[in-house]
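Enquirer: Below: one structure in structure tokens.
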Amino acid sequence: MKDGDRAGAAITRIRTLLARSSVAHEPCDLTGVIQDVLPLVRSELGRHGTVLHTSLAPDLPPVLGDRIQLQQVLLNLLLNAAEAVREVPAERRRLVVRSTLEQREGGPWAVVAVEDAGVGFDEAEAPRLFEAFYTTKLGGLGMGLSISRSIIDGHGGRLWATANAGHGATFHLALPGMR
């Protein structure tokens, strides 16, 4: 029932986002948001033998945001990463979720990275990854990353991707901490 309520709230927030309506932002514990999302992906990861590691900073500042929207962004990044490692050799089926505190632009920022050792992307694709309807997945809609970027932009933050040196990709999101 709790998952149904969460899904309903997520759909409402996406509709609000697409209608360009504003959603109330309030102080949010980003570590708590991450910890709320992880149980939602554990069964999917376990089903495919994917190992999840976390390294969460104990000193992240609260961010001003919509908890449900931030959960949706993290869920999208984690599910994309899980899909990216699904068909790789077992020893590469791992995800890492890290959070760090960084000083940027005159204040504290909470930075979250979702790293995988999956199929990755070509550097030439990087500029297009967040475009609506652009997808590298068979049967993908190409909306998840575009919506995620819109959400993070609406929170005054930044969402970007880097190709990893060996295998896979890392998706980063940075949100300004409350002062």
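The values are calculated or read from the model by the stated rules, or taken from the named source; none is laboratory data. Owing to the predicted nature of the structure, the values given are computational and were not obtained by experimental measurement. Positions of Cβ are backbone-derived with ideal geometry, glycine not excepted, and every protein chain shown enters the neighbour counts.
Enquirer: If I ask for residues that are more than 25 Å from residue 91 (Cβ to Cβ), assigned to a loop (DSSP other than H, G, I, E, B) and at pLDDT 75 or above, which ones from segment 113-146 would you list?
Expert: Correct list: 129, 130, 131.
Enquirer: Which members of segment 89-100 meet the condition of being in contact with a strand residue (DSSP E or B) (Cβ under 9 Å, 6 or more places away or on another chain) and among the hydrophobic types (A, V, I, L, M, F, W, C)? Quick ask: steps written out before the conclusion?
Expert: At the first step, the residues of segment 89-100 found to be in contact with a strand residue (DSSP E or B) (Cβ under 9 Å, 6 or more places away or on another chain) are 92-100.
Listed by number, the residues that qualify are 95, 96, 97.
Enquirer: For segment 87-95, does any single residue satisfy the condition of being loosely packed, with under 14 Cβ neighbours inside 10 Å and either closer than 16 Å to residue 164 by Cβ or modelled with pLDDT of 95 or more (or both)? Give the derivation first.
Expert: At the first step, the residues of segment 87-95 found to be loosely packed, with under 14 Cβ neighbours inside 10 Å are 87, 89-91.
Now drop any that are not either closer than 16 Å to residue 164 by Cβ or modelled with pLDDT of 95 or more (or both), which leaves 89, 91.
Scanning segment 87-95, I find at least one residue that is loosely packed, with under 14 Cβ neighbours inside 10 Å and either closer than 16 Å to residue 164 by Cβ or modelled with pLDDT of 95 or more (or both), so the answer is yes.
Enquirer: If I ask for residues that are among the acidic types (Asp, Glu), more than 28 Å from residue 91 (Cα to Cα) and not in a strand (DSSP E or B), which ones from segment 20-56 would you list?
Expert: Here is the first cut: in segment 20-56, the ones among the acidic types (Asp, Glu) are 26, 29, 36, 44.
When the remaining residues are screened for being more than 28 Å from residue 91 (Cα to Cα), the result is 26, 29.
Correct list: 29 only.
To keep it simple, each residue is scored yes or no on (1) under 12 Å from the mean Cα position of the chain (by Cα); (2) over 18 Å from residue 30 (Cβ atoms).
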| residue | (1), (2) |
| --- | --- |
| 70 | yes, no |
| 74 | yes, no |
| 78 | yes, no |
| 92 | no, yes |
| 126 | no, yes |
| 131 | no, yes |
| 146 | yes, yes |
| 156 | no, no |
| 168 | no, yes |
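Enquirer: Still on this structure, I have one more. So which residues in segment 38-71 are surrounded by fewer than 16 Cβ atoms within 10 Å (Cβ to Cβ), of a type in the set (Asp, Glu) and in contact (Cβ under 8 Å) with a residue 40 or more places away in the chain?
Expert: Once the filter is applied, which keeps residues that are surrounded by fewer than 16 Cβ atoms within 10 Å (Cβ to Cβ), of a type in the set (Asp, Glu) and in contact (Cβ under 8 Å) with a residue 40 or more places away in the chain, segment 38-71 yields only 59.
Enquirer: Moving on. From 74, 101, which residue is assigned to a strand (DSSP E or B) and touching a residue at least 12 places away in the same chain (Cβ under 8 Å)? Spell out how you get there, then give the answer.
Expert: Working: 74 fails: assigned to a strand (DSSP E or B).
Every option except 101 fails the conditions.
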